Amino acid sequence: HLSIRRQRQMCIRDRAADQRGLADLIGKTSLIRRLLGVLPEPMHCLYFECKPHQGEPLSRTLAALAGGLVSQLTDRGLISPHQIDTTVDSATAVKSLLQQALPALDGGQLLLILDDAHRLGDDSLSLESFFDFLTNLLAAVPPLRLLVTVSDVSYGRLTHPLLAGAMTFHLGPLSSDAAQQLIIRPTQGVMHFDAGVVKRIADINSNHPYYLHLFCYTLYNRCAREGWINQSDTDAVLKELLALPNDRFQAIWDQSSRAERATLAALASLRGAHGPVTRQEVINCLRRFDPQVVSHVILGALESLANRGVLVRMGALSYRFAVNLFRYWLDYHTDLADVLAHIDWGRLSAQPTPSAIGKEEGGVSPRASTEYPEEGEEGGRRGWGFGQWFILGLAGTALVG
């Protein structure tokens, strides 16, 4: 509460992944709904869900925001219907509605909550314009505070001063203890767990609250009568979930390039690799199936998957799945040999390498790296180029002189 009073804008960002499959699952909206019930009375909360307006022009989004404000401000008795001016444009309407509510605040404050703001606008320029609008709105309405939620990937791409000056909170997977409590406490006294079962459930779901809920819901329905859960029950529920359609996991797969699919299938096929896997292990695994695999293409795929939030970087050379359940899903639904059979490595090798490679902390450019030399690659270890001979000639001339 004190943070809201002192800081005019806050940003909550999730560490799940971007909009390609795992976004909006870390608990941003749940936190907001809980927040609305604990704020003191002088704080009047106005909520706007941005997701339904994804891809719309900014003018339509602002019109929807104005409509939502009319309803909420009227219900709270902060404005009366006769104050509403329908002749002005949507941006002016939003500002006018908030200014008209000021006399009724009686020393209180307005908290405008924008959930999933990264989905607004039909392009990045529209989103920048939206944040420009919010900056002007803060200046025009002094008692106004902003609480904005965005995905972690989108936050990293935004450079607007509004976010740069905001108090920022990160939401990520639960701690190990919190994840195990989430598994045990809802059924405490009703369900009993064999040793090691709770930790295994948490590991399968990478301490992710959404997938823990999904897994435990299915587990409870299976074992409620017996009141006891063992390892075989956990295995059965895992198989049951993997056999069911999973739109989010399928979306990640469908929106992945051929190189990314090969990389994901390789990571899933590495038996026992529940933790970090090195770049070299991925490349070695793929080359056992196809010797033509090009290393820099795989390095680019690993970086791209990490940028999308599907993988998590573990140091400079290792990766793990953001949600381990996705690894099980890949192992169940994909066949590495079949994925590799549809890849033309020559064509992929000729395509530009993503610029993100080598720019991340601890990363190196695949082309510049000697960690995975290609067969037939000239220079470096294979022979001397013109530059090396030229320098040697200069040195010889200097020596003769």
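Annotations for the structure displayed:
- Rounded if a/c under 1.5, otherwise prolate or oblate - region 35-104, Cα gyration tensor axes: oblate
- Accessible-area order (highest first, 1.4 angstrom probe) of the listed residues LYS239, LYS51, LYS28: LYS239, LYS51, LYS28
- Fraction in percent of alpha-carbon pairs per bin - 5 Å, region 43-159: 2, 11, 23, 25, 20, 12, 5, 2, 0
- Three-way shape label, region 116-225, alpha-carbon gyration tensor, a/c 1.5: prolate
- Percent breakdown of C-alpha pair distances by 10 Å bin, ordered from the shortest bin, for region 306-354: 20, 33, 44, 3
- Distance histogram in 10 Å bins (all Cα pairs of region 190-298, percent per bin): 12, 35, 29, 18, 6, 1
- The loop-placed trypsin sites (Lys or Arg not before Pro) in region 246-302, going by DSSP, that have at most 10 neighbouring Cβ atoms within 10 Å of their Cβ come out as ARG271.
- Here the accessible area of region 34-191 is 53 percent carbon and sulfur, with a 1.4 angstrom probe and all protein chains present.
- Extension gain, ALA350-ASP203: 0.36 nm per intervening residue step, less the Cα-Cα distance, totals 49.0 nm.
- Using θ = phi - 60° and Karplus 6.51 cos²θ - 1.76 cosθ + 1.60, couplings along region 226-241 (whole Hz; Gly, Pro as x): 6, x, 9, 10, 10, 5, 5, 5, 5, 4, 5, 5, 4, 4, 5, 5
- Mean projected area of the Cα convex hull of region 221-268, taken over all directions, amounts to 4.4 nm².
- Rounded if a/c under 1.5, otherwise prolate or oblate - region 253-342, Cα gyration tensor axes: rounded
The values are calculated or read from the model by the stated rules, or taken from the named source; none is laboratory data. Keep in mind that this is a model prediction, so the values were computed, not measured. Positions of Cβ are generated from backbone atoms using ideal geometry, with glycine treated the same way; all protein chains shown enter the neighbour counts. With ligands, DNA and RNA removed, areas are computed over all heavy atoms of the protein, side chains included. Shrake-Rupley method; radii C 1.70, N 1.55, O 1.52, S 1.80 Å.
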